[in-house]
Amino acid sequence: LYASEEREGGTLALGAGEIPLLEMVRGYSAFANNGVTHDITSVLKVENSKGEILYEWKADDLKKSEKEVIDPQVAYLINSILSDTSVNLGSYLNIEGRIMAAKTGTSNKKVEGREDFILPNNGLAFGYTTDIVTGVWAGNSDGTAMKPLASGYVCAAPIMKEYMTAALAGKDSTPFPMPEKIKTVSVGTATGLLPGATTPSDKIHSDVFAGFAVPEEVENVYVDVEVDTSCDNKLASKWSPEEKVKVKKFQKHKAVAPYPTWQAGIDTWVNSGKAKEAGILPNPPTKECDKYNEETFKNQPEISIVSPEAYSELLPGRPKIEVQIKAVNDVSKVEFYLDDKLQFITAKDPYIGEI
């Protein structure tokens, strides 16, 4: 609110501007008050020794200083994000049974004499409801850095939570009012755009948008591709066995800027185990399966089960299964499956496996 050329410069874009705590609290009060801010009032009443009122702040003074500095829809979106307990840092930012928006911040500083050693310097925590805004600073008053594990969440947030809990005791928990122009829209979780024809149902969720920023573009990041399941899900070729060709869904992961190193990093992560555990679909394959060709297509092996015979009765245990193969080319191995689950592998003729 009071940025000055002397105090802030180009680094302000990286969050390096120093702002007094009172100004930060006033800034958050604009979100809490639907985009409206007021003059800071420190003194409510002044009386002399005789009890005569020399000055008294009145509610009309608040109304006179009222000024909209943020679009109410934007303020609501910020409130919605900062009050979402499912995505914030943890319990220090939540009060059970109460709607509260919260935000932390931590600045760092280099240790004198050790330019490669950086420690936390200032810890901040802000919490607000429709009734009250609280800001807490934690740090060393002599300007020295804090301990390595210190942060706004660890040091300032517990103080903010304890104070807010006491200050709000007995008050109703009031949701942040939603402006009429706010829209709830179903969008794709991967892009925030409207779902496309190939968007999986589990990749769609409802989100809120300002009326002037409702997405109109349809996402185009999911594709259905025919792959050869016997060839590490590479693109199916015209020689791929029909029973091995399946249609699978993939997601096109692209960097927001055309930098090769960015794309390489994305591709590495997408192919990692963590991405798969998170349900992230892989990039579509670019290479075609070269496992089969015209010769293999013409000389496909013929396989038949010779034991046990059809409709025969099997005793409990691990029955042996014998197959007979006619193949122009050599047989490298035979796999035995039960309901699509691999049971046995053999490379010896006669080809007998157990299930």
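Using the crude model of +1 on Lys and Arg Cβ and -1 on Asp and Glu Cβ, and no other charge, please compute the dipole size for the chain relative to its Cα centre, in debye to 20.
Working: 38 positive and 51 negative charges, 80 e Å.
About 380 debye.
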May I ask which of Lys244/Lys298; Lys203/Lys252; Lys203/Lys246; Lys67/Lys103; Lys110/Lys254 have a Cα-Cα span longer than 25 Å here?
-> Lys110/Lys254
Can you tell which of Val25, Leu77, Pro175 lies farthest toward the positive end of the dipole of the chain, using +1 and -1 charges on the Cβ of basic and acidic side chains (Lys, Arg; Asp, Glu)?
-> Val25
HN-Hα J in Hz across the stretch 80-97 - Karplus 6.51, -1.76, 1.60, θ = phi - 60°, x for Gly and Pro | 5, 5, 6, 9, 7, 6, 6, 10, 7, 5, x, 5, 5, 9, 10, 10, 4, x
Using 1/(1 + (r/R0)^6) with R0 = 35 angstrom and r between the beta carbons of Asn293 and Thr189, what's the FRET efficiency to the nearest 0.05?
-> 0.30
Cβ-derived FRET efficiency at R0 41 Å, Val74 paired with Asp224, nearest 0.05 | 0.60
Accessible area per residue in Å² at 1.4 Å probe, computed on the chain | 68
Dipole of the stretch 43-159 [Lys/Arg +1, Asp/Glu -1 at C-beta], most positive-end residue of Trp57, Gly90, Ala145 = Ala145
Reachable aspartates and glutamates, given that their alpha-carbon falls under 18 Å from the alpha-carbon of Lys171 and they are not under 8 places away in the same chain | Glu96, Asp131, Glu162
How many percent of all Cα-Cα pairs in the chain sit more than 25 Å apart?
-> 73
Direction-averaged shadow area of the convex hull around the Cα atoms of the stretch 126-259, nm²?
-> 16.6
Candidate cut points under trypsin sites (Lys or Arg not before Pro) in the stretch 105-174, DSSP loop plus at most 13 other Cβ atoms within 10 Å of their own Cβ, are Lys171
Dipole of the chain, positive end: most advanced residue of Pro350, Gln263, Ser107 [Cβ charges, Cα centre] | Ser107
Over the residues of the stretch 107-170, compute the C-alpha Rg and express it relative to 2.2 N^0.38 Å.
-> 1.36
Which aspartates and glutamates, on any chain, are close to Lys276 with Cα under 16 Å apart, when same-chain ones fewer than 8 places away are left out?
-> Asp202, Asp232, Asp267
Relative compactness, the stretch 193-282, computed as alpha-carbon Rg over 2.2 N^0.38 Å | 1.34
Compute the long axis of helix 260-270 from its Cα atoms, compare it with the longest principal axis of the Cα atoms of the chain, and write down the angle in degrees, 0 to 90, nearest 10.
-> 70
To the nearest 0.05, how large is the calculated FRET efficiency for Val306 and Val247 if R₀ is 45 Å and r is the Cβ-Cβ distance?
-> 0.85
Values of log10 I(q)/I(0), in the order q = 0.14, 0.20 Å⁻¹, for the stretch 207-346 under a Debye, Cα-only, solvent-free model | -0.92, -1.28
Can you tell me the order of 58-65, 25-32 when each peptide is scored by its average per-residue count of other Cβ atoms within 10 angstrom, highest first?
-> 25-32, 58-65
Any cysteine of the chain lacking a neighbouring Cys Cβ under 4.7 Å - listed by number = Cys155
15 Å Cα-Cα reach of Lys45 towards aspartates and glutamates, excluding residues that sit fewer than 8 places from it in its own chain | Glu56, Asp60, Asp61
Within the chain, helix-based [θ] at 222 nm, where runs of 4 or more DSSP H residues each add -39,500 (n - 2.57), nearest 500 = -5000 deg cm²/dmol
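The values are calculated or read from the model by the stated rules, or taken from the named source; none is laboratory data. Quantities reported herein were computed from a predicted structural model and do not represent experimental measurements. Backbone-built Cβ (ideal geometry, glycine too); neighbour counts: all protein chains shown. The area values use the complete protein model at the heavy-atom level, side chains included, leaving out ligands, DNA and RNA. Shrake-Rupley method; radii C 1.70, N 1.55, O 1.52, S 1.80 Å.
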